[in-house]
Amino acid sequence: MNSTTTIGVLGGYGAVGSAAVRRLHQAGVGPLLVVGRDPGRAAGLVRSLDPAGPPAEAMAADLDDPGSLDRFAARCGLVVNCAGPSYRVLDKVARAALRRGADYVDAAGDDPAAIRLHTDRGWHDWLAAGRTAVLSAGALPGLSALLPRHLAEDADPLARLDAYVGGVAALTPAAAGDVLLGHGPEHGTPAAAWREGGVRPRALEPRRGLCLAAFPQPVDAFPFLSAEAGRLARTLAIGEVNWYTVFGGDRLPEELATAWALGSTDPASLMAAAAQDVRRHGSWYGQQFQLWSDPTDGPPAHTLTLRADDSYELSGFMAAAATRALLAGGIPPGVHFAADVLDPRETVAALSADPAAHIETV
């Protein structure tokens, strides 16, 4: 695939950004700008790319410097945001892209960002400019809604969906910040489930010691009905959705519960707890979706299992997939969530061929 549009990847040398840059470059997409606060790290990633591929260049820009964001966006036809944490990014990079006439893809960009982009009919600005913003183009949110959409294509009717998403991984500072502050009504409801068109609070209890195909060892699963899961339930008209966040170790959930109880905003303790879990259990990630065609308690009619070593690679894959779909004209102007506009069958086929993931459907 070739492109004459300059694609700028903010946070392009980070865990997610570098995964996206590598995939875009290998696919022949470019020219590329690898962008972040540290131009030396950006230049190092550029040097690691195959010189036979499309042109790539390093550039400095800072989330907290609106002028540098505008200068960066002015050089791009498409801005891909892989910087974080998302509670700091919100809509600021998207708005810089729109001001400079660029399209936008965000590897995070969850519901708080979408709410801000829709405030005061802000979505109309994207339509009027003929520009596109694609949010939640990551592993979670993003792939976590696209995979059950793919599973649902071969199921009718849809009565119940159970989802288990998580694992054990080191946390970057941005990821730790998002885990720490990714709660509240804009994000979802703990212990809730979806029942017949609405959120039912306090419907589920934690499940401990579960043995599931997506994970290499028994895991603990904590119910959390995310905003993404609620949208998915409405879109697919599923009567019952039970959604769980999975932890493969015990230190991170313990530290997270303590941080929430104390109102802490320091990600260092979460990063240390995650590192302890990795030392004890290794690093792995999974998503498993079970779909029933009738509301009985028998075995599910369809199951999709994803296993991976690294969720950051999955997010890089999704950001690159959304970028390529946008460049190919497959996404209309406006503000969208990636799972709503990427083709599930095509995306799953591409992910199945990617070394970052192993997918099975039964």
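The values are calculated or read from the model by the stated rules, or taken from the named source; none is laboratory data. Fair warning: this is a prediction, and the values are worked out from it, not measured in the lab. Backbone-built Cβ (ideal geometry, glycine too); neighbour counts: all protein chains shown. With ligands, DNA and RNA removed, areas are computed over all heavy atoms of the protein, side chains included. Shrake-Rupley method; radii C 1.70, N 1.55, O 1.52, S 1.80 Å.
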Q) When you go through (1) assigned to a loop (DSSP other than H, G, I, E, B); (2) open to solvent by less than 20 Å² (accessible area, probe 1.4 Å); (3) modelled with pLDDT of 95 or more one by one for residue 30, which number turns out not to apply? A) (3)
Q: Would you please list the contacts, defined by Cβ atoms under 6 Å and residues six or more apart or on different chains, that run from a residue in region 41-57 that is under 20 Å from residue 75 (Cβ atoms) and of a type in the set (Asp, Glu) to a residue that is surrounded by 14 or more Cβ atoms within 10 Å (Cβ to Cβ) and at pLDDT 95 or above?
A: 57/33
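Evaluate the following for residue 22: is it over 19 Å from residue 142 (Cα atoms), in contact (Cβ under 8 Å) with a residue 60 or more places away in the chain, among the basic types (Lys, Arg) and surrounded by fewer than 21 Cβ atoms within 10 Å (Cβ to Cβ)?
On the way: over 19 Å from residue 142 (Cα atoms): yes; in contact (Cβ under 8 Å) with a residue 60 or more places away in the chain: yes; among the basic types (Lys, Arg): yes; surrounded by fewer than 21 Cβ atoms within 10 Å (Cβ to Cβ): yes.
Yes.
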(Q) Please determine whether any residue of region 93-106 is surrounded by 20 or more Cβ atoms within 10 Å (Cβ to Cβ) and either over 22 Å from the mean Cα position of the chain (by Cα) or under 30 Å from residue 290 (Cα atoms) (or both). (A) yes
Q. Within region 242-251, can one find any residue that is open to solvent by less than 30 Å² (accessible area, probe 1.4 Å), within 26 Å of residue 86 (Cα to Cα) and in contact with a Phe, Trp or Tyr (Cβ under 6 Å, 6 or more places away or on another chain)?
A. yes
Q.
If I filter region 15-22 for residues that are under 14 Å from residue 72 (Cα atoms) and in contact with a helix residue (DSSP H, G or I) (Cβ under 7 Å, 6 or more places away or on another chain), do I get at least one hit?
A. no
Q. Of everything in region 147-187 that's of a type in the set (Val, Ile, Thr) and open to solvent by less than 20 Å² (accessible area, probe 1.4 Å), which residue is farthest from residue 222 (Cα to Cα)?
A. 168
Q) Got a number for residues in region 44-74 being touching a Pro at 6+ places or on another chain (Cβ under 9 Å), farther than 27 Å from residue 92 by Cβ and buried (at least 17 other Cβ atoms within 10 Å of the Cβ)? A) 1
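Name the single residue, out of those in region 107-146 being among the polar types (S, T, N, Q) and within 20 Å of residue 187 (Cβ to Cβ), that is most open to solvent (accessible area, probe 1.4 Å). Don't jump to the end; show me each part of the working.
The first filter runs over region 107-146 and keeps only residues among the polar types (S, T, N, Q), leaving 119, 132, 136, 144.
Subset that is within 20 Å of residue 187 (Cβ to Cβ): 119, 136, 144.
Details: 119: 68, 136: 3, 144: 0 Å².
My answer is 119.
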(Q) among the β-branched types (Val, Ile, Thr), assigned to a strand (DSSP E or B) and modelled with pLDDT of 95 or more: which single residue out of 9, 46 fits that description? (A) 9
Q.
Against the condition on the phi > 0 side of the Ramachandran plot and modelled with pLDDT of 95 or more, how does residue 316 come out, does it pass?
A. no
Q) In region 284-305, is there at least one residue being touching a helix residue (DSSP H, G or I) at 6+ places or on another chain (Cβ under 7 Å), in a helix (DSSP H, G or I) and either open to solvent by 60 Å² or more (accessible area, probe 1.4 Å) or on the phi < 0 side of the Ramachandran plot (or both)? A) no
Q: Looking only at region 321-346, count how many residues are farther than 15 Å from residue 142 by Cα, in contact with a helix residue (DSSP H, G or I) (Cβ under 7 Å, 6 or more places away or on another chain) and among the small types (Gly, Ala, Ser).
A: 1
(Q) From the list 165, 89, exactly one residue is farther than 15 Å from residue 334 by Cβ, in contact (Cβ under 8 Å) with a residue 60 or more places away in the chain and of a type in the set (A, V, I, L, M). Which is it? (A) 165
Q: Filter region 252-261 down to the residues that are more than 17 Å from residue 208 (Cβ to Cβ) and touching a residue at least 12 places away in the same chain (Cβ under 8 Å), then identify the one that is most open to solvent (accessible area, probe 1.4 Å).
A: 260
Q. Out of 272, 321, 356, which single residue is under 20 Å from residue 149 (Cα atoms) and open to solvent by less than 60 Å² (accessible area, probe 1.4 Å)?
A. 321
